[in-house]
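The values are calculated or read from the model by the stated rules, or taken from the named source; none is laboratory data. These numbers were taken from a predicted model, which means no experiment stands behind them. Here the Cβ positions follow ideal geometry from the backbone for every residue, glycine too, while neighbour counts run over all protein chains shown. Accessible surface is based on the protein model in full, side chains and every heavy atom, while ligands, DNA and RNA are left aside. Shrake-Rupley method; radii C 1.70, N 1.55, O 1.52, S 1.80 Å.
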Amino acid sequence: MMVTVPQLRQALEKELPKIAFDDDVVEYLAKEVGDDEDAVAEAWSPVLIAYSAASDDESARELTRQLLQCLKSSGGAGEAAIESREAPATAESEAVRGLADWLEGLRLSQYLEPAIAWCGARKITQADEIS
């Protein structure tokens, strides 16, 4: 399934009206939408938990299913291309100094992209600001 950033923003506002998602986060989430629902849930879960939209992985997976269903029912499977970033992830991680190394030390480097989005939403610029 292909989804645009505006389509995803609309679904998020419909399903989670009390949560304001940062533009970069919505762009990241849109980029992760695909045909494999489990892969989407894997990518979205850390972000949904970080924004307190879900309390754990299981509730984040259920919320992901709801959002994907909302996108499908509203025509989110259209042919419009996803607006994606052209900057490589390494350039983004430099915006949050030490984040990639910190996550690697915790064996959580698979969460680098959502962590970058989470840090961006909170104006965090270096890993030692994370508490």
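Assorted remarks:
- Hits in region 45-71 - residues which are closer than 15 Å to residue 8 by Cβ, in contact (Cβ under 8 Å) with a residue 40 or more places away in the chain and surrounded by 15 or more Cβ atoms within 10 Å (Cβ to Cβ): 47, 51, 63, 67, 68, 70, 71
- Taken as a whole, the structure places residue 11 among residues that are among the small types (Gly, Ala, Ser), open to solvent by less than 40 Å² (accessible area, probe 1.4 Å) and farther than 20 Å from residue 112 by Cβ.
- Test: residue 74 is among the polar types (S, T, N, Q), open to solvent by 70 Å² or more (accessible area, probe 1.4 Å) and modelled with pLDDT under 90: yes
- Selection status of residue 99, at pLDDT 85 or above, of a type outside the set (Gly, Ala, Ser) and open to solvent by less than 80 Å² (accessible area, probe 1.4 Å): yes
- Where residue 55 falls short, out of the listed (1) outside any helix (DSSP H, G or I); (2) touching a helix residue (DSSP H, G or I) at 6+ places or on another chain (Cβ under 6 Å): (2)
- Cβ-Cβ under 6 Å pairs, at least 6 apart or on other chains, region 97-122 side outside any helix (DSSP H, G or I), far side among the polar types (S, T, N, Q): 97/126; 98/126
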